[in-house]
Amino acid sequence: MAPTSDFEQMWSDLAPVGRSASSGGYFRQPWTTAEAELRSWFAEQCAARGLVVETDGIGNQVAWWGEGDQPGVLTGSHLDSVLDGGAYDGPLGVVSALAALDVLRDRGFEPGRPLGIGVFVEEEGSRFGRACLGSRLVTGATTWEQARELRDRDGVFLADAVSDAGLDPDAGLLSLDRVGTFVELHVEQGRDLVDRDVAVGLASEIWPHGRWRFDFAGQANHAGTTRMEDRRDPMLTYAMTALAADEQARLGGHRATFGRISVQPNGTNAVPSLVTAWLDARASSDDALAAMVGAIGRQAHDRADRDGTSLDVSAESVSGAVAFDPDLAARLAGLGDWPVIPTQAGHDAGILSEAGIPTAMVFVRNPTGVSHSPDEHAETADCLAGVTALADVLAELAGT
Ligand code: GLV
Ligand code: MN
Ligand code: MN
Ligand code: MN
């Protein structure tokens with residue numbers, strides 16, 4: 001892949017990597033060959049710009065432009081995708097960061113403080129179930145000792161996946177010591193910007209959100225000979241719980257989704273013995289999130305009593321409300337006619353912000369709001385407006 005400074009060329013270079021021929025969506029799971037290709041692509045792009053990439057022991061990457069002891073400005077995002085995801089969620093922030101650096105150089109800009117471009121691994125948690133795992137590990141929000149025993153759907157331990165990808169976790173993690181400010185550009189994943197008829201916005205906050213695992217256990221039995229009143233069917237308990245989650249989220253104006261389930265033994269002619277389902281829940285405040293998840297859990301337990309099943313609920317990853325640095329947002333808002341909007345999606349920016357790093361996000365309009373889907377889209381003109389906005393932001397922050 002020939003490195004180039006052109007946004008559209010970079011975009012088309014990336015287009016085939018991890019793309020499903022049948023759906024057109026992306027499978028860029030961490031520590032796979034698709035992700036290794038993306039990591040090499042990023043290193044080549046940085047090298048073509050004379051920047052040296054540091055890859056840490058789990059695959060997070062950073063390249064710095066400029067020297068000095070002043071706290072640096074880091075921009076970037078992630079290159080992994082959800083299963084069958086869109087092209088923009090993550091890569092738009094990385095490609096835009098490289099393109100913004102080109103814009104700054106074309107303008108003759110010299111950084112007054114170090115300016116870095118970074119890529120965080122396993123942002124989506126699509127393989128090991130923990131969202132923003134790369135950034136959580138570098139900030140210390142999660143420790144390697146806690147994470148190494150995580151298993152993917154095939155039972156592979158995280159520690160083995162990382163070393164099988166040719167990385168050495170003992171080599172250590174990226175240091176954020178140089179990072180004084182973090183800016184992540186991201187495709188918008190809702191319709192705020194399209195409703196406001198603007199191409200670019202800034203983020204005010206991230207809703208609190210999390211993932212909970214529900215294990216519904218019953219008794220495997222014959223689908224024909226077992227009378228309905230004799231069954232202990234965990235699928236029924238799960239189905240009612242999914243309806244309860246939908247009802248609770250609608251009542252409060254929040255979000256609740258069961259997007260993943262696994263069924264044992266998963267046979268058409270057997271009552272299942274076990275249904276495991278993962279709840280993704282998001283709400284406008286920490287208290288509202290706790291109340292909603294509590295209400296869903298109570299309804300699930302009540303239904304389990306009625307169905308003769310049992311239920312175990314465990315939290316997998318929970319992120320509290322994130323308010324981005326208001327002084328930084330106010331400083332950046334003056335650079336353009338950019339609305340400041342909340343988001344219900346999680347981001348590495350939220351993790352860095354919670355670690356005490358002043359952080360901002362730049363959103364690029366999504367004409368349909370569809371995301372985590374092959375249908376995710378952004379118009380090239382809007383992406384280029386995002387690059388210019390990011391260049392302006394970086395010039396403001398790294399100029400002196
Ligand atoms: C990640 O993109 C999330 O918000 O789930
Ligand atoms: Mn995402
Ligand atoms: Mn993302
Ligand atoms: Mn995300």
Legend entry - Matching residues, segment 86-101, being over 17 Å from THR388 (Cβ atoms) and either small (Gly, Ala, Ser) or modelled with pLDDT under 95 (or both): GLY86, ALA87, GLY90
Legend entry - Cβ pairs under 7 Å, 6+ apart, first in segment 75-92 and closer than 14 Å to HIS347 by Cα and of a type in the set (Val, Ile, Thr), second within 12 Å of ligand 4 (Cβ to nearest atom) and in a loop (DSSP other than H, G, I, E, B): VAL82/GLU124; VAL82/SER126; VAL82/HIS372
Inset, instruction - May I ask you to list the residues in segment 93-137 that are within 16 Å of ligand 3 (Cβ to nearest atom), more than 13 Å from the chain's Cα centre (by Cα) and part of a helix (DSSP H, G or I)? - result: VAL94, VAL95, SER96, ALA97
Legend entry - Count of segment 65-102 residues which are farther than 17 Å from PHE120 by Cα, of a type in the set (A, V, I, L, M) and either in contact with a helix residue (DSSP H, G or I) (Cβ under 7 Å, 6 or more places away or on another chain) or within 11 Å of ligand 1 (Cβ to nearest atom) (or both): 2
Legend entry - Residues located in segment 362-385, provided they are over 22 Å from ARG113 (Cα atoms), surrounded by 19 or more Cβ atoms within 10 Å (Cβ to Cβ) and within 16 Å of ligand 3 (Cβ to nearest atom): PHE363, VAL364, ARG365, ASN366, SER371, HIS372, GLU376, ALA378, CYS383
Inset, instruction - Can you give me the number of residues within segment 138-169 that are under 20 Å from the mean Cα position of the chain (by Cα) and on the phi < 0 side of the Ramachandran plot? - result: 16
Legend entry - Filtered residues of segment 192-233 (kept if β-branched (Val, Ile, Thr) and buried (at least 20 other Cβ atoms within 10 Å of the Cβ)): VAL200, ILE206
Inset, instruction - Within segment 158-191, count every residue that is surrounded by 15 or more Cβ atoms within 10 Å (Cβ to Cβ), more than 16 Å from ligand 4 (Cβ to nearest atom) and of a type outside the set (Gly, Ala, Ser). - result: 10
Legend entry - Failed condition for ALA245, given (1) in contact with an Asp or Glu (Cβ under 7 Å, 6 or more places away or on another chain); (2) surrounded by 15 or more Cβ atoms within 10 Å (Cβ to Cβ): (1)
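Restricting to segment 281-301, count the residues that are within 18 Å of ASP246 (Cβ to Cβ) and surrounded by fewer than 19 Cβ atoms within 10 Å (Cβ to Cβ). Steps first, please.
Filtering segment 281-301 down to residues within 18 Å of ASP246 (Cβ to Cβ) leaves 281-284, 288-289, 291-301.
This time we only want the ones that are surrounded by fewer than 19 Cβ atoms within 10 Å (Cβ to Cβ), so: 284, 288, 291, 294-295, 297-299, 301.
Qualifying residue count, segment 281-301: 9.
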Inset, instruction - Tell me, please, whether a residue that is touching a Ser or Thr at 6+ places or on another chain (Cβ under 7 Å) and either within 21 Å of THR388 (Cβ to Cβ) or without any contact (Cβ under 8 Å) to a residue 60 or more places away in the chain (or both) can be found in segment 12-26. - result: no
Inset, instruction - With the condition kept exactly as written, say whether any residue in segment 326-334 is surrounded by fewer than 19 Cβ atoms within 10 Å (Cβ to Cβ), modelled with pLDDT of 95 or more and part of a loop (DSSP other than H, G, I, E, B). - result: no
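The values are calculated or read from the model by the stated rules, or taken from the named source; none is laboratory data. Just so it is clear, the model here is predicted, and its values are computed rather than measured. Neighbour counts run over all protein chains shown; Cβ positions are idealised from the backbone, glycine included.
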